[in-house]
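Below is one structure, written out as structure tokens; the observations come after it.
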Amino acid sequence: MVPDLFQKWAHPLVGRDRERAFLLERLDAALHNEGSVVLLSGEAGVGKTRLAASLRLSAQEHNALWLEGHYSREGGMPYQPWVEAIRTYLQQTSMRAEKALGPYATELAALVPEVGAEVARATSAPPDDPERERRRLLEALTRYFLSISQDAPLVVFIDDLQWAPSLDALYYMASRLQGQRILL
């Protein structure tokens, strides 16, 4: 089923054959353990979201999981799209969230309490060096999505990246996609 955001673009895509072919190539690569990052850029109104909607339909046809999140122009949380993607995953699956937590329960539960607050409480530690905590959070997010991709190929769509207060999560995850079933 196509979500409301993409409903108006359920008809065939016209005039973006080259871009669509490239996205399908990257999707196929992700299906075969060659994860990568693709950035869709251009002026407002040129069809970036419509192109993403087309990719979503193709991903679903190949049994890939599609998770998405959005940055807000008004300046939301720095990791808002990642939180939205995790929450969507938790709503779509019966898998217990703790399966993917590993040693990073505290970090993830700080962002997404639904992930496993009881696990986080049991493992919480006093605050440490802020830079070390930031790296642990980035590692926690990355490992969580990598864990999800072990069960099914994964496409993570982050919309409105231009409003991101920081790209550190994107950079960190992108550097760890080699040999993974993720298209970011």
Problem set entry | Amide hydrogen neighbours beyond the local backbone of residue 37, cut-off 5 Å, H modeled | 184
Problem set entry | Two-site FRET efficiency, residue 136 against residue 90, from Cβ-Cβ distance with R₀ of 25 Å, rounded to 0.05 | 0.75
Exercise. Where the centre of each part is set by its Cα atoms, how far does the range 12-89 sit from the range 136-172, in angstrom?
Worked result: 12 Å
Seminar exercise, completed: Non-local residues with an amide H under 5 Å from the amide H of residue 66, with H modelled 1.01 Å from N and Pro and chain starts lacking one, are 155
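Please give the length that would be gained between residue 161 and residue 28 if that part of the chain were fully extended, namely 0.36 nm times their separation in residues minus their C-alpha to C-alpha distance (nm, one decimal).
Details: separation 133, 0.36 × 133 = 47.88 nm, distance 2.37 nm.
Answer, rounded to one decimal: 45.5 nm.
Cβ neighbours within 10 Å, averaged per peptide: list 152-164, 41-53 in order, most packed at the top.
Top of the packing list down: 152-164, 41-53.
None of the figures in this text is laboratory data; all of them are computed from the coordinates on show. If you're wondering where the values come from, they're calculated on a predicted model, not measured in any experiment. Glycine gets a Cβ as well: all are built from the backbone with ideal geometry, and neighbour counts include every protein chain shown.
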